[in-house]
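Notes for the one structure printed next.
The values are calculated or read from the model by the stated rules, or taken from the named source; none is laboratory data. These numbers come from a predicted model, not from an experiment. Every residue, glycine as well, gets a Cβ built from its backbone with ideal geometry; the counts of neighbours run over all protein chains shown.
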Amino acid sequence: PRRILSGIQASGALHLGNYLGALKRFVELQDQGAPVYVFVADMHAITVWQDPAKLTAQTREIAAAYLASGLDPEKATIFPQSAVRAHAELAWIFNCVARLGWLDRMTQFKEKSGKHKERSSVGLYTYPVLQAADILLYKATEVPVGEDQKQHLELTRDIAAKFNNDFGVPGFFPVPEPIIQGPATRVMSLRDGAAKMSKSDPSDNSRINLTDDADTIASKIKKAKTDPEPLPETLEGLNERPEAKNLVAIYAALAGLTREQVIAQFGGQGFGAFKPALADLAVSSLAPVTAEMRRLIDDPAEIDRVLKAGAERAAEVADPVVDEVKKIVGFWRA
Ligand code: TYM
């Protein structure tokens, strides 16, 4: 059976990359009728310092984004990662399955730890092992994510295979498929077509935040870096034009079109025409999401109800799996 699972870190402001690369995709998969498990990765968030006074609000904000984007708590199980104890339990066991050499290759750790590896938390290093636990605990078959999570998904597959093999339980953990699809799996910065849109970019003009108002969104798109040429008549014409390529991809993802269709519509036109069309589309697509997020955050009772019920439902799936794992590993059980 299909089981879709994904998560977003509770580490502050969501941007258009998260929306197009992840959130919008979760809703599409939900609407195909497969069971969807989505959580707020608060345990991953604390691998770098999070102010305890803000973490709860950040968790609710991601939950609000899930609901506002169109996830239906009747169909999707929405929960905080830390509220389901099995995540931490399975992560420990996987820490003993994963090899140091595998983690040493993780590029995200290298990027995030920067020049100060020895001052990074141990949690930041073992972050992808917790991610593998998140996924395999639900025996997920499909994991929709942006391009930047590809390596973590490969590690998850390696951990599943090694666990099944080491303990002689073939097929116990299904080897999950990453779902990295659609026109916007890697949304780039609006200021630099070679850098990923990211919340850690010091320039706020580099990204569109889900909390930006209409004027801010329009002005960021207007200021977006481009080259002086009009849009090409063919998709190949976007090669070597990273900024143009990015704006076309964003338009396509927001409109639910392919990039070919966007080029068919705007090929030959300059950015003077394309940017205002993109700004209108971005504002009209994001405004309802933003407004609904604000409404939910203003009265968190509804969010809290969803998270509590979600955590209970998630635990019903996760607890028996971790129990079986303990038995497989040989832990004493009553
Ligand atoms: P996080 O919180 O950094 O990002 C959430 C999702 O947004 C995607 N994303 C992007 N997609 C397109 N363009 C971008 N510029 C862009 N930036 C971010 C990410 O790929 C991700 O899908 N490790 C995960 C959270 C996680 C998780 C999991 C995901 C924890 N456990 C289990 C899947 C399954 C992360 O840091 O995502």
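Quick notes on this structure:
- Condition check for Lys225 on (1) under 29 Å from Lys112 (Cβ atoms); (2) outside any helix (DSSP H, G or I); (3) touching a Gly at 6+ places or on another chain (Cβ under 6 Å): one failure, at (3).
- Residue among Ala277, Ala252, Ala273 that alone is in contact with a Pro (Cβ under 8 Å, 6 or more places away or on another chain) and either surrounded by fewer than 18 Cβ atoms within 10 Å (Cβ to Cβ) or in a helix (DSSP H, G or I) (or both): Ala252
- Annotation: of all residues in segment 62-76 being crowded, with 24+ Cβ neighbours inside 10 Å and not small (Gly, Ala, Ser), the one that is nearest to Thr141 (Cα to Cα) is Tyr66.
- Filtered residue count, segment 212-241, keeping only those that are over 27 Å from Lys150 (Cβ atoms) and surrounded by fewer than 16 Cβ atoms within 10 Å (Cβ to Cβ): 12
- Yes/no for Glu292 being farther than 30 Å from Pro170 by Cβ, surrounded by 16 or more Cβ atoms within 10 Å (Cβ to Cβ) and of a type in the set (Asp, Glu): yes
- Residues that are among the polar types (S, T, N, Q) and in contact (Cβ under 8 Å) with a residue 12 or more places away in the chain, drawn from segment 248-277: Thr258, Gln269
- Condition check for Lys245: farther than 15 Å from Asp192 by Cβ, in contact (Cβ under 8 Å) with a residue 40 or more places away in the chain and of a type in the set (Lys, Arg): no
- Elements of type helices (runs of 4 or more DSSP H) in segment 90-199, at least 1 residues being within 13 Å of the ligand (Cβ to nearest atom) and either surrounded by fewer than 21 Cβ atoms within 10 Å (Cβ to Cβ) or in contact (Cβ under 8 Å) with a residue 40 or more places away in the chain (or both): 107-113, 122-136, 150-166
- Hits in segment 11-26 - residues which are over 23 Å from Ala255 (Cβ atoms) and within 8 Å of the ligand (Cβ to nearest atom): Ser11
- Filter result (in a loop (DSSP other than H, G, I, E, B) and within 12 Å of the ligand (Cβ to nearest atom)) within segment 200-217: Ser200, Asp201, Arg207, Ile208, Leu210
- Flag for Lys327 being loosely packed, with under 13 Cβ neighbours inside 10 Å and either part of a helix (DSSP H, G or I) or in contact with a helix residue (DSSP H, G or I) (Cβ under 7 Å, 6 or more places away or on another chain) (or both): yes
- Residue within segment 232-246 that is in a helix (DSSP H, G or I), under 26 Å from Leu29 (Cα atoms) and modelled with pLDDT of 95 or more present: yes
- Total residues in segment 32-48, condition surrounded by fewer than 24 Cβ atoms within 10 Å (Cβ to Cβ), more than 9 Å from the ligand (Cβ to nearest atom) and in contact (Cβ under 8 Å) with a residue 12 or more places away in the chain: 6
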